[in-house]
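The values are calculated or read from the model by the stated rules, or taken from the named source; none is laboratory data. Fair warning: this is a prediction, and the values are worked out from it, not measured in the lab. Cβ coordinates were reconstructed from backbone atoms using ideal geometry, including for glycine residues, and neighbour counts include every protein chain displayed. Please note that ligands, DNA and RNA were not included when accessible areas were found on the heavy atoms of the full protein model with its side chains. Shrake-Rupley method; radii C 1.70, N 1.55, O 1.52, S 1.80 Å.
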Amino acid sequence: MKNVKVITAGLCVLSVVSCNTKQGTGTLIGAGGGAVLGGILGQVIGHNGKSTAIGAAIGSVIGAGAGALIGHHMDKVAREVASRVPNASVEKVTDANGLQCVKVTFDSGILFATNSSTLSDASRSALRKLAVSLNENPDTDIKIVGYTDNTGKVDYNQTLSEKRAKSVYDYMMVDQGVSGRRMEYEGKGVHDPVASNDTPEGRALNRRVEILILANEKMIQDAQQGTLK
């Protein structure tokens, strides 16, 4: 049985780590539903406690009832992903609108070889399983963000992070049929580390690609109308 516990954070992310890390737990972690004013920025809480605002606020009031419906729906999405993707930690957290969303962190396999933007077989397999859930839940937006550690030149790492994010984007769209209209990608290079770059373990955690899974406008509208299941 998957363990359930409450967390608070400011982002929904699928984090695909580009290194070997500890064995994944496969745990489903929940957070309480609710609603806030659009325009309040969520925060990403990294392993080192550093926070970064991510996501576009919709700029309108989202009622408590709509927020609860979205939270309930994201519960189902989280359970689906947790059951389909082994060796991964699945969490419910909040986005830039204060709405519930899903964060999945992969702990197994190697995403990219050193200085490469070519997806490994292991990461393709993991992304393929995730794509099943994404295609079954079309009313979500997806943002893919690439990161590196601080080894090497900043400009080189920036370009590498962009190429890695695009590799994930291309694979999900071309090979797995996830609509490109739902997705966007960017590279952040050495910025926003989730761990210290002073150790090999920390640098390994920072070499990653994150996929943010967010409620799109249609899901929000359905929730506001009370029709979201």
**Study point:** Apportionment of accessible area to carbon and sulfur, region 65-174, percent (1.4 Å)
**Key:** 51
Review point. Given LYS163/LYS218; LYS76/LYS163; LYS76/LYS103; LYS166/LYS188, which pairs have Cα atoms separated by over 24 Å?
Key: LYS163/LYS218; LYS76/LYS163
Review point. Near LYS143, which aspartates and glutamates are there with a Cα under 13 Å away, not counting those fewer than 8 places off in the same chain?
Key: ASP95, GLU162, ASP170, GLU184, GLU186, GLU210
Study note, to complete from the structure: Measure of exposure for GLU80: accessible area at 1.4 Å probe, Å² rounded to 10, is 60
Review point. Based on the mean of other beta carbon atoms within 10 Å per residue, what is the order of 195-201, 221-227, 182-188, 93-99, most packed first?
Key: 93-99, 182-188, 221-227, 195-201
